[in-house]
Amino acid sequence: MKYISTRGQAPALNFEQVLLAGLASDGGLYVPEQLPQFSREEIASWAGLSYAELAKKIIAPFVADTIPQADLDAIIDDTYGISGDDRVFAHDAVAPLKQLDSNLWVLELFHGPTLAFKDFALQLLGRLLDYVLEKRQERVVIMGATSGDTGSAAIEGCKRCDNVDIFILHPHNRVSDVQRKQMTTIVGDNIYNLAIEGNFDDCQQMVKQSFANQEFLKGRKLVAVNSINWARIMAQIVYYFHASLSLGGPHREVSFAVPTGNFGDIFAGYLARGMGLPVKQLVVATNVNDILHRCISANDYSAQPLVHTLSPSMDIMVSSNFERLLFDLYDRDGAATAALVSNMAAGNASLDSNRLAKARELFDSYRLDDEGCVAVIADMFERTEELLDPHTAIGVKAAQECRRDAKTPMVALATAHPVKFPEPVVKAGCKSPELPHHLEDLFEREERYQVLPKDLAAVQAYMAEQLS
Ligand SMILES: *Cc1c(COP(=O)(O)O)cnc(C)c1O
């Protein structure tokens, strides 16, 4: 399998290279040159497989020329298997479905160690990195910025990697207590939490600048763990198949509603459909940082100032992975995609109306503000006793408002456990949720992090010193 850049000017890479690559050298994102295709018969034959067994079928063609099947199987069993004391996902179904209403379901993606769906991708990514680096006898440095969920999931996913040092920057005093504790209480000689005296954008800016000029690392190479990393998207394709197979697919179409920020998660659903899974509809659910909703509903892709909401993991100004969809919509023309993205960044682009119409055959979108979000949490709890986290609540509302057909099962992705975001839950008049068993002692654990000024040179000097 070869991977190509959405901007058409970077060399094609294999899976191992793409895993370590981050952005392509032309500024684009890597996508498979051709998607693997599965027939209905083949997909139907997977009914009843465990999550891990299904993951092996779906991931194999993406990595086949880099990792032998037996090694891949072992990595996947270690990630998604449910036997043993050190299992990663706490629920036997790994990604269980729960029914909320007739033909409306939530897919619980929060049974991993950090209680958000990002564990699905980052637990696998950490193990794949370790395998590939061991083989290459190479050590790398992971550097990432987080507004909360990515950081803890990345640290959990990579903490056992012998060949990785991991630096995660978070905005000092601007992440929730649970989110901070989940990052700073993981101890390891290769783990560095940096609390930056600035906001999330400052952190992200420093990471971008560090990737652009890596001299301060004196020969070590930076690896990206945000959702521009192809392996993260790949891992997320699996749960769309898993949910569909549980609801009568592939003999029946299924629709999905996805709380969306950087467009990584929902893009995996789009790819599942491209691989042969009958998906009827994909609903993009946003908070008031609604660039994707405006684009899909009104062809308006202008950037607006960032608003801090009760669903902070979706507080974004532009969605990096949207470029991967645009590349397909523009018939995989790298030059056209590059031109469009650069116009979008300048705030004066709109999509060709035929292409937008094509996207709308599959995609719908919905936007919900904080007040609406709290109302959904209260209403759902009253009617079903299910407690939704604020991101999930936006997805559920979008599912209800946008579904085209009551006969098609609609699955809203539950992207986080409500305990991670207690504020809206309490505002909804519900009791603050309790930490699950495996995190009960989180607030007693010792924290370790370094506070640093909003200063690139200081951050890089600190990193270089720790690495030497
Ligand atoms: C990261 C995150 C999202 C957004 O996912 P994208 O792949 O960026 O669209 C939604 N909900 C939660 C809880 C998250 O952590």
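Return the total of residues in segment 239-260 being among the β-branched types (V, I, T) and either within 15 Å of the ligand (Cβ to nearest atom) or more than 20 Å from V106 (Cα to Cα) (or both). Reasoning before the result, please.
Within segment 239-260, the subset among the β-branched types (V, I, T) is 254, 258, 260.
Restricting the remaining residues to those that are either within 15 Å of the ligand (Cβ to nearest atom) or more than 20 Å from V106 (Cα to Cα) (or both) gives 258, 260.
Number satisfying all stated conditions: 2.
Of everything in segment 396-441, what is β-branched (V, I, T) and over 13 Å from V258 (Cβ atoms)? Give them in sequence order. Those that are β-branched (V, I, T) and over 13 Å from V258 (Cβ atoms): T408, V419, V425, V426. Counted as qualifying within segment 21-109 are the helices (runs of 4 or more DSSP H) with 3 or more residues that are open to solvent by less than 10 Å² (accessible area, probe 1.4 Å), namely 51-63, 69-80. Residues in segment 261-316 that are in contact with a helix residue (DSSP H, G or I) (Cβ under 6 Å, 6 or more places away or on another chain), away from the ligand (no atom under 16 Å from the Cβ) and not in a loop (DSSP other than H, G, I, E, B): V279 only. Reported count of residues in segment 192-209, each being within 22 Å of the chain's Cα centre (by Cα) and in a helix (DSSP H, G or I), is 9. Would it be correct to say that E134 is open to solvent by 50 Å² or more (accessible area, probe 1.4 Å), part of a helix (DSSP H, G or I), closer than 22 Å to G22 by Cβ and of a type outside the set (G, A, S)? Spelling it out, E134 is indeed open to solvent by 50 Å² or more (accessible area, probe 1.4 Å), part of a helix (DSSP H, G or I), closer than 22 Å to G22 by Cβ and of a type outside the set (G, A, S).
Before we move on, is E371 at pLDDT 95 or above and open to solvent by 10 Å² or more (accessible area, probe 1.4 Å)? Don't jump to the end; show me each part of the working.
Numbers: at pLDDT 95 or above: yes; open to solvent by 10 Å² or more (accessible area, probe 1.4 Å): yes.
It is true that E371 is at pLDDT 95 or above and open to solvent by 10 Å² or more (accessible area, probe 1.4 Å).
For segment 223-238, the criterion of a residue being more than 15 Å from the ligand (Cβ to nearest atom), open to solvent by less than 30 Å² (accessible area, probe 1.4 Å), at pLDDT below 95 and under 22 Å from G28 (Cβ atoms) is satisfied by at least one position. Among residues of segment 326-340 that are at positive phi, those with a Cβ under 9 angstrom from a residue that is part of a helix (DSSP H, G or I), sequence gap 6+ or separate chain, pair up as D331/R355. For segment 317-353, the candidate set comprises residues that are within 16 Å of the ligand (Cβ to nearest atom) and not in a loop (DSSP other than H, G, I, E, B); within that set, the residue that is farthest from Q179 (Cα to Cα) is L326. Of all residues in segment 427-449, those that are surrounded by 14 or more Cβ atoms within 10 Å (Cβ to Cβ) and not basic (K, R) total 8.
The values are calculated or read from the model by the stated rules, or taken from the named source; none is laboratory data. Note that this is a predicted model, so its numbers are computed, not measured. Neighbour counts run over all protein chains shown; Cβ positions are idealised from the backbone, glycine included. What goes into the accessible areas is simple: the full protein's heavy atoms, side chains included, and nothing from ligands, DNA or RNA. Shrake-Rupley method; radii C 1.70, N 1.55, O 1.52, S 1.80 Å.
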